[in-house]
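Notes follow once the structure below has been shown.
The values are calculated or read from the model by the stated rules, or taken from the named source; none is laboratory data. Keep in mind the model is a prediction, meaning the values are calculated, not measured. Note that we place each Cβ from the backbone using ideal geometry, even for glycine, and neighbour counts take in every protein chain shown. Quick note on the areas: whole protein, heavy atoms, side chains included, nothing else; ligands and nucleic acids left out. Shrake-Rupley method; radii C 1.70, N 1.55, O 1.52, S 1.80 Å.
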Amino acid sequence: MKRGEISFWLTHPGAPTAPPTQTLARDIDCDVAIVGGGLSGLWVAWALAQVRPELSVAVLEAECLGFGASGRNGGWMSAKQVGVRRALARGAGGAKAVTDMQDRLASACNEVVDILGADEIDARRGGWTQLARSASELRRAENYVAESRRWGLDESSIRMMSAEETYERIHASGIVGAIHSPHNYCVDPVKMVFRLASLAIDAGAAVYTGARVTNIEPGQLTVGPHRVKASQIVVATEGYTAAQPGQRRRMLPLNSSMLVTEPLTQDQWARVGWDHHDGVSATAHTYFHSERTPDGRIAIGGRGRPYRFGSRTDRNGMTDEATVRSLMQVIEDLFPGLGARPAHAWCGVIGVTRDWSPFLDYDSAGQVLRMGGYAGQGLTASYLAGLAAADLLTGRKSFLSTSAWVRPVPRRWEPEPLRWIGANGFYLAYSLADRLEALSRSDRTSRIARIADKIAAR
Ligand SMILES: Cc1cc2nc3c(=O)[nH]c(=O)nc-3n(C[C@H](O)[C@H](O)[C@H](O)COP(=O)(O)OP(=O)(O)OC[C@H]3O[C@@H](n4cnc5c(N)ncnc54)[C@H](O)[C@@H]3O)c2cc1C
């Protein structure tokens, strides 16, 4: 089996070919320079071309297209809440701004498919189903749905399913119920990045790869020996932001791992009973998310080493044996005796702000816009953030440019070693809480998990 090599989506034999990009071989001038060629940066480039096609836009990507989280993720493009509602409701727009954004996310999934094309990105409409497999998980799931109701989401957006109804959708062991939402597509992440890059390039953006920005200052970027002069700069480096001077504690690069199995046989799929396109996840504190790939594999994400000291990031997605074992154990636990075999495992980083919520932080001089902080929900969010960024940069007052996400970067994370102790300690606490809840059979969430949630501000 393979480990690392960025991701299965980028390197498997049938992987798509990247659109042609440019190499930065001289100094350039442009109206808007975008640091980071993931979904965020590319959506900004695309959206700018829609609202002000005359602007010259350059996207500077340090590695290749699909190198970051955008090319390594689990492929759920959902309308799930992005960020923590009560944190976002502290903004000027209050609770209304949060519910407005929630509604916008649901339509955004469909818009992305319309723009990029369902076939081009292997978009499969299902929903998402979050399994509850113990009394405490069931109660937590019910509380989550009840809270969603208070924030205005009705039965058509999110509801509880009985154990029987859930089992009909998927034959996982130990099911006692599930949350279900119809708002999700499973997509091929790399096809999505490549398609969006093609559209941005066709619309006039210059996309440079192998162009690592080593210095960011208003009006100018440094890329190796070259200068990129720009009236406006967008920084869309999400989980990689901590490597920039002055940014080490702004966004925590939280590690997230993925694994795909070898294709399952028809018999194995019949036992799994997963013959729809739902993304399937857990209510356990140690979360997993999974999808059925078009070529008949299970793709599953979660686990892994949560955080590397000093906000360091992985090397080309290399992940360890323990993570592979742990993700395979989740599959075995869901479908005992299935006999699935691992094919490729990798990891990546998601950008997490101190209040676990997204931001578009535009400086008062209108020269530098920083964006990100989707905390693992970036497939739909990066589209809306890209539209919002284009409106902010061009001075258009719109629903998105005045939304709850437009706000300063939240307060900093704690210095090391507190950051390392905290991030890894939470993970241990949540694993322990899962074990204690399973043993107690009570429907109460473990006190350890409740304390961890409070300290983490989740
Ligand atoms: C394993 C995993 C599973 C996930 N699953 C899901 C999921 O199922 N659904 C979902 O909605 N979200 C998921 N996410 C999160 C989602 O992938 C991200 O939120 C989203 O891709 C962020 O896009 P981005 O463009 O902001 O960041 P990225 O895709 O990380 O792009 C940032 C880019 O900036 C580049 N860069 C960094 N520094 C520099 C520099 N100095 N100069 C130039 N370029 C630079 C990087 O090389 C990178 O390509 C997952 C993430 C991971 C890691």
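Filtering the range 376-413 to residues that are within 9 Å of the ligand (Cβ to nearest atom) and either free of Cβ contacts under 8 Å to residues at least 24 places away in the same chain or open to solvent by 30 Å² or more (accessible area, probe 1.4 Å) (or both) leaves 376, 377. The sole residue among 234, 207, 190 that is touching a Ser or Thr at 6+ places or on another chain (Cβ under 6 Å) and either surrounded by 24 or more Cβ atoms within 10 Å (Cβ to Cβ) or at positive phi (or both) is 207. Checked against (1) in contact (Cβ under 8 Å) with a residue 60 or more places away in the chain; (2) more than 22 Å from residue 130 (Cβ to Cβ); (3) not aromatic (Phe, Trp, Tyr), residue 114 meets all criteria but (1). Filter the range 274-287 down to residues that are at pLDDT 95 or above and among the small types (Gly, Ala, Ser) and give me whichever is farthest from residue 135 (Cα to Cα). The qualifying residue farthest from residue 135 (Cα to Cα) is 279. Of all residues in the range 223-266, those that are free of Cβ contacts under 8 Å to residues at least 40 places away in the same chain and near the ligand (Cβ under 10 Å from one of its atoms) total 1. Across the range 56-95, the qualifying residues are those that are over 30 Å from residue 315 (Cβ atoms), touching a Cys at 6+ places or on another chain (Cβ under 7 Å) and of a type in the set (A, V, I, L, M), and the one among them that is farthest from the ligand (Cβ to nearest atom) is 57. Filtered by the rule that a residue be outside any helix (DSSP H, G or I), within 24 Å of the chain's Cα centre (by Cα) and either at pLDDT below 95 or surrounded by fewer than 20 Cβ atoms within 10 Å (Cβ to Cβ) (or both), the range 128-155 gives 151, 152. State whether the residues of the range 348-359 include one that is acidic (Asp, Glu), open to solvent by 20 Å² or more (accessible area, probe 1.4 Å) and either outside any strand (DSSP E or B) or away from the ligand (no atom under 16 Å from the Cβ) (or both). The answer is yes, given that some residue of the range 348-359 is acidic (Asp, Glu), open to solvent by 20 Å² or more (accessible area, probe 1.4 Å) and either outside any strand (DSSP E or B) or away from the ligand (no atom under 16 Å from the Cβ) (or both). When residues in the range 267-282 are screened for being β-branched (Val, Ile, Thr) and either within 16 Å of the ligand (Cβ to nearest atom) or buried (at least 24 other Cβ atoms within 10 Å of the Cβ) (or both), 1 of them pass.
Per the conditions (1) among the hydroxyl-bearing types (Ser, Thr, Tyr); (2) surrounded by fewer than 19 Cβ atoms within 10 Å (Cβ to Cβ); (3) part of a strand (DSSP E or B), the sole criterion not satisfied by residue 167 is (3). Please go through the range 289-338 and give me each residue that is assigned to a strand (DSSP E or B) and under 27 Å from residue 179 (Cα atoms), ordered by number. Listed by number, the residues that qualify are 289, 290, 291, 292, 298, 299, 300, 301, 302.
For residue 98, are the conditions met, namely being more than 14 Å from the ligand (Cβ to nearest atom), open to solvent by less than 20 Å² (accessible area, probe 1.4 Å) and in a helix (DSSP H, G or I)? So residue 98 passes the test.
Among the residues of the range 317-364, those that are closer than 22 Å to residue 15 by Cβ and among the small types (Gly, Ala, Ser) comprise 317, 340, 343, 345, 348.
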